[in-house]
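To keep things clear, I will list the structure first and then write my remarks on it.
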Protein chains: 2
Amino acid sequence: MVAGVSPAGRFAGMTDSLRAWIVSQGEELLTGQTLDSNAHFLAGRLTALGVRVLGASTAGDRVDAIEEALRAACERADVVVCTGGLGPTADDLTADALARVFGVEVEENADALAQVLARYEAAGRRMAESNRRQAQLPVGCDVLLNPVGTAPGFAFTGDARVFCLPGVPHEMRRMWADHVDPWVREQLDHEPPRRHLFRVLGKGESQLQDLLGDVPERFAGVELGFRTKMPENQVKLVAAPGVDAFADAVSEVRRRLGKDLFAEDESVELAAAVAQLLVARGERLALAESCTGGLVGHLCVTEAGSSAWFDRGWITYSNRAKRSDLGVAKDTLVAHGAVSEETAVAMARGAVERSDAQWAVAISGVAGPTGGTPDKPVGTVCFAVVGPGVERTRTLRIPSRSRDLVRRFSAYAALDMLRRQLLRLGS
Amino acid sequence: MVAGVSPAGRFAGMTDSLRAWIVSQGEELLTGQTLDSNAHFLAGRLTALGVRVLGASTAGDRVDAIEEALRAACERADVVVCTGGLGPTADDLTADALARVFGVEVEENADALAQVLARYEAAGRRMAESNRRQAQLPVGCDVLLNPVGTAPGFAFTGDARVFCLPGVPHEMRRMWADHVDPWVREQLDHEPPRRHLFRVLGKGESQLQDLLGDVPERFAGVELGFRTKMPENQVKLVAAPGVDAFADAVSEVRRRLGKDLFAEDESVELAAAVAQLLVARGERLALAESCTGGLVGHLCVTEAGSSAWFDRGWITYSNRAKRSDLGVAKDTLVAHGAVSEETAVAMARGAVERSDAQWAVAISGVAGPTGGTPDKPVGTVCFAVVGPGVERTRTLRIPSRSRDLVRRFSAYAALDMLRRQLLRLGS
């Protein structure tokens, strides 16, 4: 629903030239108390729709500063998205500032007041008098329904179309989807650009550049982008809606990435990719973790429905635990050490034997900051995957001295080793 | 080192009125590719020094836009900190933009070039011709040494003192510490405000307000602030350096918070607070996790040196695992269900019996999104702590439908239950 918007005037037929500005409001953003994830979200969504974000500004809780930021934004952009400053307290000043920008008064808006009252009524609570302030809006604005919070949003059409949304991230996101996104789509006389995401493990950015660098030449109109999100690398293809070669480019990139590609969806994490493969085979997983300390289990159980494929795990941090809980032989530990492929595979075998799982993954490594030796420096991590007729081991030297990074990288490497093994077998 | 800064002119004796502006530069910030953590970091550090951050702006890779943002910042603030745009490519335009703002030329800076060359030499690599661009700086600027990256920073004194730092976060942070922080301290004719942080579990913001609301009245000159960082709440006391009552206020708040206070340091996490108590007693911990799936283990092993106090863990996600690995009786599971205090305490007992630990914590709950019943809705989580002469159980109804939140909250609640138990015993 876009309340009362008639996309006329300067917006009609604006096509691909729509320009945006993001204004974030709140003193907590300027004192370092709160990280501004709203601007990041809005920048990504606007860009995905093909809108050019020209700039972003942050203002504190002073009406002059907010007015100045909004005025500058309206002078430069066609659409301004402002977040924050819609609450009931005296430092919530967005409505006042916007009214000043467009030279109108602020008055109690009956629609907005009804919305605030209805929200309190539904919750069985009485509205405090201070909440009446949330209905004080610029004359002539469109009230935007907020179904998940008390602060109504509003939009005003002046030099630009300005959307004012609450600063609470989940409210802001809901109102983006209900109000701003549909309005932007209405302005554009074509579909947003097409995008395809590839999520990759095992290849760095320069390797991906070598592998895929010729794609934009081979498929006219298709753009290629890279992004590192340690330990994952992402490849993005973007093209205007009319570009016929897009589907072929997607197929070609998929083919070239092969097993390094683990997902093509922002919301599918590595554990979910593993889950799909296990569920397709009707098999289950057990874990034997040492240096990762439960992190692999955490990644697995983060996935809803994990009980269908995740059986159990052991966090055998001490050597005695490796022996008594997983049956690793004392001789193995003495001869090869806890951080060895021999110990890792014994841990994984023990996990399969002692569980209802067909598959086990084991991890044992030196996470640091201490415990490294010349032979096995910090970052040395041994892995094993054991399954029906399969035993594989691997040692990585993770080039980091950061305990967090070594452990995180190890957890992803362990799941990825299992994923590649399952892909090799087919389903 | 503050290269060549003579804190004269308008900066001398500026005391507490120093005003700052933050300018972030990079197209990736406006397309939603990168979250701007630099501005957040700088806002926090400047505020901590007692500097007022008036605003923040983000500009993309257009020299006009960067120039405009810098110009506006210099007109309003005494110190401007700009990040990004110092790389070797054509879209790195900060030096050009800053030169335009102050009406000077850009030229190859010998100091900067020597720095870039030295950096490559130390790495045993040849400098690419394109890196020469990183030494093209505004005439009259001060070059700032970057000991952790190739891009030198620079500072320029015009209407404001402008610091240009690289966009790579760890480089930016290092250069903040080496160059900007000392300069700011030099401008202030007194020490930065004193701050004290209290990290609290088990009390919400409104309860803390009731408990501590009178502190600013009782201790003149002491300010009180709250911040929620789920599931933790933070209390901050701030005062000017001369406020005598500050130490007393800190003592009083500490006394009132009692056992709800788990740390007074940004870098001490809950698991570290538990670790200190266990190490003091010379005792060790085992875990029996179900719905948290290894997250508690992960939090424990995140702490360096955890092998001194963390023994092992079981992720008994299935009922069969609870029985075979921890010895939970079938009758207990049938009579009370997996999510029950009876099952939780049996899990914890089993963990103590089967490990070298004196203490065990067990967690079993309904994380959702499915699996809830009218009796035990999503968010129902049972906990047990078992130790020498101690058996305690507890059930929480976590008011969230989010699997992630329920699991995260449960992990903290489990560690906090152990912490309180250890505090009760003393050391």
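The values are calculated or read from the model by the stated rules, or taken from the named source; none is laboratory data. Everything numeric here is computed off the predicted structure, so don't read it as measured data. Please note: Cβ atoms are built from the backbone with ideal geometry, for glycine as well, and neighbour counts cover all protein chains shown. Ligands, DNA and RNA are excluded from the accessible area calculation, which covers all protein heavy atoms including side chains. Shrake-Rupley method; radii C 1.70, N 1.55, O 1.52, S 1.80 Å.
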Taking the stretch A:1-28 and keeping residues open to solvent by 30 Å² or more (accessible area, probe 1.4 Å) and either of a type in the set (Gly, Ala, Ser) or at pLDDT 95 or above (or both) leaves A:4, A:6, A:8, A:9, A:12, A:13, A:17, A:19, A:21
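To keep it simple, each residue is scored yes or no on (1) in contact (Cβ under 8 Å) with a residue 24 or more places away in the chain; (2) among the β-branched types (Val, Ile, Thr); (3) assigned by TED's automatic domain parsing to the domain that holds residue A:298; (4) farther than 22 Å from residue A:231 by Cα.
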| position | (1), (2), (3), (4) |
| --- | --- |
| A:365 | yes, no, yes, no |
| A:370 | no, yes, yes, yes |
| A:383 | yes, no, yes, no |
| A:389 | no, no, yes, yes |
| A:404 | no, no, yes, no |
- Query: Is one or more of the residues making up the stretch B:82-93 at pLDDT below 95 and assigned to a helix (DSSP H, G or I)?
  - Reply: no
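Only one of A:318, A:306 is open to solvent by less than 40 Å² (accessible area, probe 1.4 Å), within 9 Å of chain B (Cβ to nearest Cβ) and either out of contact with any Cys (no Cβ under 9 Å at 6 or more places or on another chain) or modelled with pLDDT under 95 (or both). Can you tell me which?
Details: A:306 fails: either out of contact with any Cys (no Cβ under 9 Å at 6 or more places or on another chain) or modelled with pLDDT under 95 (or both).
From the options A:318, A:306, the qualifying one is A:318.
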When the stretch B:115-139 is checked residue by residue, the ones that are surrounded by fewer than 22 Cβ atoms within 10 Å (Cβ to Cβ) and farther than 16 Å from residue B:87 by Cβ are B:117, B:118, B:121, B:122, B:123, B:124, B:125, B:126, B:139
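Take residue B:97 and decide whether it is in a helix (DSSP H, G or I), facing chain A (nearest Cβ under 9 Å) and buried (at least 24 other Cβ atoms within 10 Å of the Cβ).
Numbers: in a helix (DSSP H, G or I): yes; facing chain A (nearest Cβ under 9 Å): no; buried (at least 24 other Cβ atoms within 10 Å of the Cβ): yes.
Here the answer is no, as residue B:97 does not meet what is asked.
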Note on the stretch B:404-427: residues surrounded by fewer than 22 Cβ atoms within 10 Å (Cβ to Cβ), within 14 Å of another protein chain (Cβ to nearest Cβ) and among the basic types (Lys, Arg) are B:408
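Could you tell me which of the residues A:267, A:206 is hydroxyl-bearing (Ser, Thr, Tyr) and closer than 25 Å to residue A:299 by Cα?
Values: A:206 fails: closer than 25 Å to residue A:299 by Cα.
One residue alone meets the criteria, A:267.
Looking at B:328, B:301, B:334, can you tell me which residue is open to solvent by less than 10 Å² (accessible area, probe 1.4 Å) and more than 10 Å from every other protein chain (Cβ to nearest Cβ)?
Details: B:301 fails: more than 10 Å from every other protein chain (Cβ to nearest Cβ); B:334 fails: open to solvent by less than 10 Å² (accessible area, probe 1.4 Å).
Going through B:328, B:301, B:334 in turn, just one is open to solvent by less than 10 Å² (accessible area, probe 1.4 Å) and more than 10 Å from every other protein chain (Cβ to nearest Cβ): B:328.
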The lone condition residue A:35 fails out of (1) out of contact with any strand residue (DSSP E or B) (no Cβ under 8 Å at 6 or more places or on another chain); (2) surrounded by fewer than 19 Cβ atoms within 10 Å (Cβ to Cβ); (3) in a helix (DSSP H, G or I) is (3)
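Being touching an Asp or Glu at 6+ places or on another chain (Cβ under 8 Å) and not hydrophobic (A, V, I, L, M, F, W, C) is the requirement here; does residue B:375 meet it?
Numbers: touching an Asp or Glu at 6+ places or on another chain (Cβ under 8 Å): no; not hydrophobic (A, V, I, L, M, F, W, C): yes.
Here the answer is no, as residue B:375 does not meet what is asked.
In this structure, does residue B:87 turn out to be in the same structural domain as residue B:138 (by TED's automatic domain parsing) and within 23 Å of the chain's Cα centre (by Cα)?
Working: in the same structural domain as residue B:138 (by TED's automatic domain parsing): yes; within 23 Å of the chain's Cα centre (by Cα): no.
No; evaluated as a whole, the condition is false for this residue.
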Note on the stretch B:161-183: residues modelled with pLDDT of 95 or more and hydrophobic (A, V, I, L, M, F, W, C) are B:162, B:163, B:164, B:165, B:172, B:175, B:176, B:177, B:180, B:183
Picking from B:400, B:410, the residue that is under 30 Å from residue A:368 (Cβ atoms) and not in a strand (DSSP E or B) would be B:410
>> If I filter the stretch B:267-282 for residues that are closer than 22 Å to residue A:323 by Cβ, open to solvent by 10 Å² or more (accessible area, probe 1.4 Å), among the small types (Gly, Ala, Ser) and more than 8 Å from chain A (Cβ to nearest Cβ), do I get at least one hit?
In response: no
Selection from the stretch A:232-289 of residues under 16 Å from residue A:218 (Cα atoms) and of a type in the set (S, T, N, Q) yields A:251
* **Hey, residue A:255 open to solvent by 20 Å² or more (accessible area, probe 1.4 Å), more than 18 Å from the chain's Cα centre (by Cα), over 29 Å from residue A:42 (Cβ atoms) and free of Cβ contacts under 8 Å to residues at least 12 places away in the same chain or not** => yes
Take the conditions part of a strand (DSSP E or B), at pLDDT 95 or above and assigned by TED's automatic domain parsing to the domain that holds residue B:365 and apply them to residue B:287. Does it pass? yes
Among the residues of the stretch B:58-82, the number that are under 19 Å from residue A:22 (Cα atoms), open to solvent by less than 20 Å² (accessible area, probe 1.4 Å) and under 26 Å from the mean Cα position of the chain (by Cα) is 2
Test result for residue B:323, more than 7 Å from chain A (Cβ to nearest Cβ), open to solvent by 20 Å² or more (accessible area, probe 1.4 Å) and touching a strand residue (DSSP E or B) at 6+ places or on another chain (Cβ under 8 Å): no
